[in-house]
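Every number in this text was worked out from the coordinates using simple rules, so none of it is lab data. Remember, predicted model here, so these are calculated numbers, not experimental data. No Cβ is skipped: glycine too gets one built from the backbone with ideal geometry, and neighbour counts run over all protein chains shown.
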Amino acid sequence: MASIYLVILLAVLALAVEGSSKCWTSVHNDTIAFHSSAPITFSFDLKTATDCQNWCGEVTKCQSWVYVEYSNQCDLHRTAALSLSENIGFTFGGCDSINGTLPVATFAPSALSGIAAGIRVEMETGYPSRAKH
């Protein structure tokens, strides 16, 4: 009977190991990572990026980490980064980002933007916009 429990325990442990990222050991100096959620935990008590990396290796759900040199801040994340950006004073550990680079926001005014603004005013107030189209 004890052997059944041992087999189940080993299977659960194997699945837990398979589910974790092997990329947390990959280090990107002078790089900041952007994530879709807040860190699972953080600390201001770690003195080096290596300490931050080692801590990530000890935390079960840690997939990536960011270390801020000037404040000794270490953030541990449960997901891969959405994007990476060069930034002096930051060190990132984890897989390359999902998107590779930051998206660039652009704004190009058009005739449709005035129409859309008029529609929004009418929907919010119930009165047509006085803006000239």
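Taking the mean number of other Cβ atoms within 10 Å as a proxy for protection, how do you rank 38-51, 80-93, 62-75 from highest to lowest?
62-75, 80-93, 38-51
Report the extension gain between Cys23 and Ser71 in nm, rounded to one decimal, defined as 0.36 nm multiplied by the number of residues separating them, less their alpha carbon distance. Mind showing how you got there, number by number?
Values: separation 48, 0.36 × 48 = 17.28 nm, distance 2.43 nm.
Separation in residues times 0.36 nm, less the Cα-Cα distance, equals 14.8 nm.
Please report the net charge: other residues with Cβ closer than 13 Å to the Cβ of Cys52, K and R +1, D and E -1. Write out the running numbers ahead of the final one.
Working: positive: Lys47; negative: Asp45, Asp51, Glu58, Glu69, Asp75.
Spelling it out: positives minus negatives among the neighbours equals -4.
Let a ≥ b ≥ c be the square roots of the eigenvalues of the Cα gyration tensor of the stretch 21-102; is it rounded (a/c under 1.5), or, if not, prolate (a/b larger than b/c) or oblate?
oblate
Please list, in chain and number order, the residues 5+ apart from Asn87 or on another chain whose amide H is under 5 Å from its amide H, with Hs placed from the backbone.
Here Thr31, Ile32 satisfy the definition.
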